[in-house]
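Heads up: the structure comes next, in structure tokens.
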Ligand SMILES: C[S@@+](CC[C@H](N)C(=O)[O-])C[C@H]1O[C@@H](n2cnc3c(N)ncnc32)[C@H](O)[C@@H]1O
């Protein structure tokens, strides 16, 4: 996968992202990557994950307010907007990535109503039952978020909310996402979930779990 050399002090790209160990590492990497993420990663690698996740999410979504989890520069929000989602907020640990998301527009409309800087491994400053939809691409992956972060997201979703949470397929197996999702179903926190496998890249090899996302699709109880 491409590595960019614009900033000689910080190696940019997927290998660096997958090697992150702490939230502070994420802040540092994405601060350096924000300016070139859309051109140097999304376009250069024929990233299609944002379109795939938005399509899966919108298939049965009938609400208004959606939280884009780990929104980065806002490419998922752009897709949601073009599919007719009316209110999109974004949350991310990186102030630099959020600044890029704030620039995204569709016509005269800003794609995001509100952008929240927060570490999703911690409690976030959003009230219970706020969102009718949760969507995420590229954030539940190596070096980023594990299954524990799902609990806090479910807290801010309203009863009946629809979620489409994309999880790197290799990370899904390594970190037992099945067990966490099953436990949430057993606890009555979420309805039984489906898994939709989508490619992350136009050239994705379906047999490579780092090219594929398992999208957990469920309704919140
Ligand atoms: C690979 S990018 C994906 C961005 C966007 N969703 C996309 O599809 O292009 C991962 C994002 O997760 C964010 N992130 C990493 N760790 C985080 C954490 N602990 N809390 C919140 N966001 C985090 C990063 O800042 C980055 O914007």
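The values are calculated or read from the model by the stated rules, or taken from the named source; none is laboratory data. These numbers come from a predicted model, not from an experiment. Neighbour counts are summed over all protein chains in view; Cβ atoms, including those assigned to glycine, are modelled from backbone coordinates with ideal geometry.
Numbers below:
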| quantity | calculated |
| --- | --- |
| Residue in the range 178-192 that is in contact with a helix residue (DSSP H, G or I) (Cβ under 7 Å, 6 or more places away or on another chain), at pLDDT 95 or above, within 16 Å of the ligand (Cβ to nearest atom) and not in a loop (DSSP other than H, G, I, E, B) present | no |
| Positions within the range 119-134 being exposed (fewer than 15 other Cβ atoms within 10 Å of the Cβ) and within 16 Å of the ligand (Cβ to nearest atom), in sequence order | 122, 123, 125 |
| Failed item, numbered, when residue 151 is tested on (1) under 30 Å from residue 15 (Cα atoms); (2) within 13 Å of the ligand (Cβ to nearest atom); (3) modelled with pLDDT of 95 or more | (2) |
| Subset tally (residues that are surrounded by 23 or more Cβ atoms within 10 Å (Cβ to Cβ) and not in a loop (DSSP other than H, G, I, E, B)) for the range 99-114 | 1 |
| Residue check, residue 84 at positive phi, in the same structural domain as residue 198 (by TED's automatic domain parsing), more than 13 Å from the ligand (Cβ to nearest atom) and over 14 Å from the mean Cα position of the chain (by Cα) | yes |
| Residue within the range 65-77 that is more than 9 Å from the ligand (Cβ to nearest atom), in contact with a strand residue (DSSP E or B) (Cβ under 7 Å, 6 or more places away or on another chain) and modelled with pLDDT under 95 present | no |
| Any pair with Cβ under 6 angstrom, 6 or more apart, that starts in the range 20-43 at a residue that is over 14 Å from residue 141 (Cβ atoms) and ends at one that is in a helix (DSSP H, G or I) and more than 8 Å from the ligand (Cβ to nearest atom) | 31/96; 34/96; 34/100 |
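Condition check ((1) at pLDDT 95 or above; (2) more than 10 Å from the ligand (Cβ to nearest atom)) across all residues:
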| residue | (1), (2) |
| --- | --- |
| 7 | no, yes |
| 10 | no, yes |
| 19 | no, yes |
| 36 | yes, yes |
| 42 | yes, no |
| 47 | yes, no |
